[in-house]
Amino acid sequence: MAKWEGKAYAKLAGCKAEQVWPLLQDFFGLDKWFPTLTTCLPVQGVSGQPGCVRFCAGFKTPVDGGDKKAMNWTKQKLLSIDPNDMVFSYSIEEGNVGFDSYVSTVKVLPEEHGCGIEWKYEVEIVTNCELCSLGYI
């Protein structure tokens, strides 16, 4: 199966890694800092413990070719977390976003005069999803 792999990096000047990490490690608090996410709710487990699951919704995307917009949603599972290295990984377990076997890793890296956030992902492309058939993916 074909896979997409990607990586993004953002540098934050004036913010130490130790200041940023508490925001990211709060697995059930993604909507507190991710501007287009309208909902992030606990589904199972304790935030920050491997195995916990969150429900996320937002990212309005047209899915029927018309003027209407549908809410995209996912259930995401925390796979691992290491507060000492300020890194965690999670997977998308369910959703309507057209991904299969999605795994992502987020890491906060100390830098001179600030920090960096690295986000990597790997995902199998689902070719029989509604978004794909409409040409959005």
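The figures follow:
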{"item": "Largest-first principal axis extents, alpha carbons of region 3-133, Å", "result": "47, 30, 28"}
{"item": "Qualifying aspartates and glutamates (Cα of each under 18 Å from Cα of LYS16; at least 8 residues distant if same chain)", "result": "ASP26, ASP82, ASP85, GLU111, GLU112, GLU118"}
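Any read-out appearing in this document is the output of simple, stated calculations on the displayed coordinates, not a laboratory observation. Since we're looking at a predicted model, the values are computed, not measured.
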